[in-house]
Amino acid sequence: MGISKIITSLWKNINIFFKNSNIKKGLSILLFFTITILILFSNFNPKQVMLKPDEVAQRDIQSNVNATIIDEKQTEELRRQAAAKVQKVYQEDTYALSSAENDIEIFYSNLQNILFAEEDTENNSQKKASLVTLLQSTSTRYSELALENTALAAYLLNVNQEDLVQMKEASLSVVQSLMNKPVTDETLTNLNEEALGKINILPYSQEAREVIKLVSINSLRPNLIYNEEKTNLAIQEAMDAVAPVQKTIKAGEIIVREGNRVTEEQISILEQLGIQRTDNYTLTLIGTALFVLLTFWLVIEFVRKYYPEIYQNDMLLLLLGLIFVLIISITRFLTIIKIGDQPGLGNLMGYLAPVAAGSMLIAILLDDRLAYFVTLIMALYVGLLTEGNQLFYAITAFVGGTVGIFQVYRVNQTSDLARSGLFIALADIAAIVTLLFIGDELNLSNLAVGAAIGAVNGILSAVLMIGVLPYLEAAFSITSMSKLLELSNPNNPLLKRLLLQAPGTYHHSLMVGNLAEASAESIGANPLLVRVGALYHDIGKIKRPEYFVENQRGFDNPHEKIAPALSTLIITSHVKEGVEMAREAHLPDIIIDFIEQHHGTSLAKYFYSRALEEDRDGNVNEDNFRYEGPRPKSKETALVMLADSVEAAVRSLESPSPEKIRDMVRMLIKDKLNDGQLEMCDLTFKDLDIISKSFNKVLEGIYHKRIEYPEVIQKEFEQRSDNDGYDDH
């Protein structure tokens, strides 16, 4: 018993869980998200291989597209050569010469201090030791002297000041002459050799020349300092300036042959063609998922913001997702098809993507503006799913889809649906030829193939749309324009019964439809829906046609023999009976709304007036003489209500002159407005003015040849206009 309760409770909670609109919406989105990821993944995965250098290829691997790739090996060699040609960048050291001269000055100053100090307290042995130390400290870079430091020290002990001055001037002269030209670290060694050459020819003793060599060469230094940062920048600029070496790969060209060892160059080509699976394969999959997530978010936000009625309807969201997945699934299937061994021709299958079919389905079943946005998203997916000129395929898909929406925006007859395929074909052909111009690929062969594919795409899209549309309408209980066109067919059983059993009512319905349709588009209503709703609004009169004046052709008026209350019941019951007949005939709810709402809660004034005349006790209740309603809730049903009243009232006029027609139309619209019949629809005063003018124009065109008779009194005029027909008001 306990287990049974637990199971019952669990099942109840599950039902509650899945009845939650947000949960169902989330699960539906997750389902379509997963399906879309799988479709895109199936496009990327099979094409890729995983080869390694020096591996033996197990099969021929060829390119499926015409592509221009980069020869990385040759490009890298050219860049290396360009980098090698770049000279090092140096920065001038303006203090190099003065520093060298300063070193010479210091050396000879120290030498003079040792040899000719004012207080000469040191003996020769001590001076000699000091000279050796000075010479050793000076020979930091050059010490390859012909004489040892001790020999030079012994020589220096015997020089006089004049000799020192000459040696100093010689050292400065050598250094200055050498450092007046650019000196770098690389040229410093050669500069030392040049200094030795200059000093060896000096007219001095060997010992003096050795001292000059020691001082001069050790004072030399670069006057150009190497700038590593700028050199590296120059190298990079030189390498960047090298244009990549491009190589053209033709569709069908074999990149790797079976049995051959795979080279790094071939792997590079395969990677650029997208055939070789790179280390970023997982990242590619993640990127694909993010792209799908982004596009789903865009569509959902667009629908949520601009179409809340669709966003809140789980079935309509499901329909939108179903159409989207259907189109990209067909596109994926088309990309699998290969035409012989001609990959280039096979890639043209991308132009066959039937995006226009999805665009038209969304426009017909949901909304045309929403269709434009979703068409753009579907075109992006076409670009991802195809190979070759992916941008061209996406552009063509968007153009075809947009033209398809144009053609089904306002469908007036069934043939318009089939004709849409012709316009899509022409648009696709124009787009393909234009893109061939842009891609510089226009030739007779491409022109013929492109025109053929564009034509096939248009026909395929129209056929797919027409074939799928009835099933989607039935599955999602949607009354589309095509369904409305089907209902407007005079051969419809209900309309045939109306024509045969109540011909006057049938003619009246046609007139009401013409009146209402004339002003529908001007006020933002659906003309086709208005026309079809008007055709069916009075089908309840089939039950008792003789009780309605438009069907009384010379017969007695049965209302003269019965009480006003009973007449009212018979007249008003045609609404309820019409609804029952419509439901039995499985008419859409949107058409049943016209039957229920075309009278609203209006008062049957004629019979109410009769009841007041016959009742002397004042017991007449006005509510008993009103229709049950509801009042019109849309522009379309309100428009039919007004057209219904106006048509019957004007028909009752004995002399419908333009002035009387205008007065009648104005009075009836004002009467409906004052009676509160238009409170639940969104008609504005501007809309009512447009409707009034439209009614006048149509009615004046119908009755313009009538002879005008003297005007009846206002009371009789109002009574006849409202009640002489007693079929609608």
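Tabulated values for the structure
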quantity: Nonlocal amide H pairs with residue 62, under 5 Å, H built at 1.01 Å; calculated: 255
quantity: Estimated inter-spin distance, residue 546 and residue 133, nm [label 7 Å along Cα→Cβ]; calculated: 15.1 nm
quantity: Length added when fully stretched, residue 297-residue 682, from 0.36 nm per residue minus Cα-Cα; calculated: 135.4 nm
quantity: Cβ-derived FRET efficiency at R0 41 Å, residue 261 paired with residue 187, nearest 0.05; calculated: 0.25
quantity: Förster-model FRET efficiency, 35 Å R0, residue 514 and residue 35, C-beta, rounded to 0.05; calculated: 0.15
quantity: Listed peptides 684-693, 222-231 by packing density, highest first (mean Cβ within 10 Å); calculated: 684-693, 222-231
quantity: Cα→Cβ-extended label distance, 7 Å offset, between residue 499 and residue 200, nm; calculated: 12.7 nm
quantity: Net +/- balance of residues flanking residue 626 in space, Cβ distance below 12 Å, scoring K and R +1, D and E -1; calculated: -2
quantity: Neighbour-count ranking [beta-carbon atoms within 10 angstrom, fewest first] of 247, 181, 660; calculated: 181, 247, 660
quantity: In segment 56-106, trypsin sites (Lys or Arg not before Pro) in a DSSP loop with at most 16 other beta-carbon atoms within 10 Å; calculated: 59, 85, 88
quantity: Residue order, fewest to most beta carbons within 10 Å, for 680, 349; calculated: 680, 349
quantity: Label-to-label distance, nm, for residues given as residue 232 and residue 622 (7 Å Cα→Cβ offset); calculated: 9.5 nm
quantity: Segment 538-640: trypsin sites (Lys or Arg not before Pro) in DSSP loop, at most 14 other beta carbons within 10 Å; calculated: 553, 616
quantity: Computed FRET value (nearest 0.05) for residue 124 with residue 169, which takes r as the C-beta separation and R₀ as 25 Å; calculated: 0.40
quantity: Relative contact order (percent, whole number), segment 90-226, Cα cutoff 8 Å, 6+ residue spacing; calculated: 43 percent
quantity: Interchain or long-range residues, amide H under 5 Å from residue 227's placed H; calculated: 89, 90, 91
quantity: Ranked 196, 270, criterion: other C-beta atoms within 10 Å, fewest first; calculated: 196, 270
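Where a number appears in this text, it was derived from the coordinates with a stated rule and is not lab data. Quick caveat: nothing in here was measured; it's all calculated off a predicted structure. Because the Cβ atoms are built from the backbone with ideal geometry, glycine has one as well, and the counts that use them run over all protein chains shown.
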